[in-house]
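Quick notes on the structure that follows.
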Amino acid sequence: MYSFKEKYSEYLSLFEKRLDEFFARLKCKPQVLDDSLKYTLESGGKRIRAVLTLAVADMLGVKTEDVADLALAIELIHAYSLIHDDLPEMDNDDFRRGRPSNHKVFGVGNALLAGDGLLNTAYAVLFEKCKEDKLYVDAAAFICGCAGVHGMIAGQSADLMCAEKGIKDEEMLDFIVSNKTGKLISAAAASPAVIAGGKYFLELRQFGEDLGKLFQLTDDVLDEEGSLATLGKSAGKDRSENKLTYVTFYGIDQCRVYADIICSKCLGILEGIEGETAFLGDLVNHVRYREG
């Protein structure tokens, strides 16, 4: 009998196996570089982007081994972004996933290099796959675009600018979330569609962007109401640092209503896709009602 928790664990185990294989080959010098890279990658987390990549591939009939390196590259990019986000010059957070942030353990310089190393290694993983088929070239280009200056980096830049200048603008808020959070989740959701020959690519790209918005809505509420124990990172920092977030712009009650609307939108997209979408639907609800 189907169980969301068991299925999530199954996808997670498949990805962790690929990550272990990656670790076995990742031997960097000096040792501090090797340690700082692995510190963030081994810190766990829900691996929701990797799980989403494998789940969408499964739904589309694409083999796990055909997208495992896409999931790995996306997770490496996500890990690099977390290291850089936590730096004093960025979001300035001393904790991540219940442990001291990378820069608190290894110093700002080494943390910067670890983030750079993860990003470059992600691209190396994608380039290696590109040798196999042109579809991987298209998938790699899509993922890199989502992570780059027209995606995640643009969102982070706008986030910093709005905090520094005290900008409170709805259009800018949507830009920040769509790029900083939504684009990489969209990469996870839609890159398997590229490998499937473009099947449901547009729908899954939109699904990923909306799921990213839902993720950020719940994250902003949790930042306001949660604690270090439940979140694994400092709570209440968004408001104290004058961040433009859904909560600081709309308020908590309106955020909950908005989250319900986006949740319904995600589920509606899945209804238009032929295939076994039960897990993806449950994943949407998991993101909506998560507590940490």
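Convex hull volume per residue, computed on the Cα atoms of the chain, equals 122 Å³. Based on every Cα atom in segment 13-98, Rg and the maximum pairwise Cα distance Dmax equal 14.3, 44 Å. Between Glu128 and His286, the FRET efficiency from the beta-carbon distance, with R0 = 30 Å, is close to 0.40. Applied to segment 249-256, the Karplus parametrisation 6.51 cos²θ - 1.76 cosθ + 1.60 on θ = phi - 60° returns per-residue 3J(HN,Hα) values of 8, 9, x, 5, 4, 5, 5, 5 Hz, with x for Gly and Pro.
Ordering Thr277, Ile48, Leu19 by Cα displacement along the dipole of the chain toward the positive end leaves Leu19 in first place; charges were set at the Cβ atoms of Lys, Arg (+1) and Asp, Glu (-1).
Rounded to the nearest 0.05, what FRET efficiency do Glu170 and Lys17 give with R0 = 45 Å and r taken as the Cβ-Cβ distance? Could you check? According to the calculation, E is roughly 0.55. Under 10 Å, Cα contacts only: if you run a Gaussian network model on the chain, which one of Leu217, Leu202, Leu119 comes out with the highest mean-square fluctuation? Among Leu217, Leu202, Leu119, the largest mean-square fluctuation in the Gaussian network model of the chain belongs to Leu202. Quick one: among Tyr250, Tyr80, Tyr258, which has the greatest mean-square fluctuation in a GNM of the chain with alpha-carbon springs under 10 angstrom? With Cα springs under 10 Å in the chain, the top fluctuation among Tyr250, Tyr80, Tyr258 is at Tyr250. The residues of segment 90-135 present an accessible area of 53 Å² per residue when probed at 1.4 Å with all protein chains retained. Straightening the chain between Glu276 and Phe4 buys 96.6 nm, computed as 0.36 nm per residue apart minus the Cα-Cα spacing. Relative contact order, whole percent, for the chain stands at 18, derived from Cα pairs under 8 Å and 6 or more residues apart. Counting only protein heavy atoms and a 1.4 Å probe, tell me what percentage of the chain's accessible area is made up of carbon and sulfur. That fraction is 53 percent. Once the Cα-Cα distance is subtracted from the 0.36 nm per residue extended length, the Asp138 to Thr64 segment shows a gain of 24.8 nm. Sequence-distant contacts, meaning Cα pairs under 8 Å at least 6 residues apart, place the relative contact order of segment 114-201 at 31 percent.
Between the amide H of Arg96 and those of Ser101, distances stay under 5 Å, these residues lying 5 or more places away or on another chain, with hydrogens modeled in the peptide plane.
The values are calculated or read from the model by the stated rules, or taken from the named source; none is laboratory data. Please read these numbers as outputs of a predicted model, since none were measured by experiment. Here Cβ is always computed from backbone atoms with ideal geometry, including for glycine, and neighbour counts include all displayed protein chains. Note: areas computed on protein heavy atoms with side chains; ligands, DNA, RNA excluded. Shrake-Rupley method; radii C 1.70, N 1.55, O 1.52, S 1.80 Å.
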